[in-house]
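The values are calculated or read from the model by the stated rules, or taken from the named source; none is laboratory data. This is a predicted model, so every value here is computed, not measured. FYI the Cβ positions are ideal-geometry reconstructions off the backbone, even for glycines, and counts take in every protein chain you see.
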Amino acid sequence: MKYLSASSLSVGLISILVTLSALIGFYQYEFTLIEYLTILFFYFMYSGIGIGMMFHRYWTHRSFEFKNPLIKWLFTYFGLVTGRGSILGWVHVHREHHMYSDTEKDPHIANMGFLKIFLPIFSDHGKNINKRLIKDLLTKEQININKYYVPIVFVLPLIIFLINPWLFYFTWAIPVFITNIVWNSFIYYGHYSAFGYRSYETNDKSINSWIFGLLIFGEGWHNNHHKYPNSITTKIKWWEFDFIGKLIILLK
């Protein structure tokens, strides 16, 4: 079975569909304050809650636990419908990234080139699966999520589109498009950028970035994260803003 990482064909086609939907919508709709606020809210839910909190800090690093499983799966769904891969696929790639940071085996290495970073369909992170990296997640429910991932992504957006194309565009297409652009950029610039600083001498080139610290609600303090990958928060210095970490503490 092939795990659905961000580079698989199915996920790549989802990304292309999201991009096309976003571009078409620019010529169909006007953007007022309501539209901007709707985009911002759902961008936070997809990027901050779905990817940052759930796929990254919860499923990958198991930094905390939920008391309420309903909230856990609701928040997880916001990560699934971004089209960035199943939980098994995303976690496998990210754990590989931590294990092989900035080496030839790192799926996020800079020599992937611009095309492969921003169009990961041309890569193949899922070709060689190390089951030991995700043995804690090889449950029946996770395997089923992986198996039926594409229908899981499309069911709700399709229903929303049939109800109201405006809702489809501003609550899914545009926020997911922005989420993918920001996270694809972070994959590269979280390690290879002059616009950042290092608080710790880790065995990689990770940096702390003000830009991504704000854009992805605290995930941008990447050097701190590589020093303490299982921490609830990425915040070390008092002025480093980590909204996701604060929200996790509140939920706990």
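At a glance:
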{"quantity": "From the options Asn230, Asn203, Asn180, Asn184, residue that is surrounded by 23 or more Cβ atoms within 10 Å (Cβ to Cβ) and touching a residue at least 12 places away in the same chain (Cβ under 8 Å)", "calculated": "Asn180"}
{"quantity": "Helices (runs of 4 or more DSSP H) contained entirely in the stretch 19-118, each with at least 1 residues that are surrounded by fewer than 16 Cβ atoms within 10 Å (Cβ to Cβ) and modelled with pLDDT of 95 or more", "calculated": "33-43, 69-80"}
{"quantity": "Residues of the stretch 149-204 that turn out to be of a type in the set (S, T, N, Q) and over 15 Å from Gly83 (Cβ atoms), as a count", "calculated": "6"}
{"quantity": "Cβ-Cβ under 8 Å pairs, at least 6 apart or on other chains, the stretch 51-68 side at positive phi, far side surrounded by fewer than 18 Cβ atoms within 10 Å (Cβ to Cβ)", "calculated": "Arg62/Asp136; Arg62/Asn230"}
{"quantity": "Counted residues, the stretch 233-252 - those being in contact (Cβ under 8 Å) with a residue 60 or more places away in the chain and either assigned to a loop (DSSP other than H, G, I, E, B) or closer than 18 Å to Tyr188 by Cα (or both)", "calculated": "1"}
{"quantity": "Hey, Phe217 in a loop (DSSP other than H, G, I, E, B) and surrounded by fewer than 17 Cβ atoms within 10 Å (Cβ to Cβ) or not", "calculated": "no"}
{"quantity": "Tally of residues being of a type outside the set (A, V, I, L, M, F, W, C) and within 11 Å of the chain's Cα centre (by Cα) across the stretch 171-184", "calculated": "3"}
{"quantity": "Residue ID - surrounded by the most Cβ atoms within 10 Å (Cβ to Cβ), chosen from residues in the stretch 135-177 that are of a type in the set (A, V, I, L, M), within 19 Å of Phe75 (Cβ to Cβ) and in contact (Cβ under 8 Å) with a residue 12 or more places away in the chain", "calculated": "Val176"}
{"quantity": "Selection status of Ser231, on the phi < 0 side of the Ramachandran plot and modelled with pLDDT under 95", "calculated": "no"}
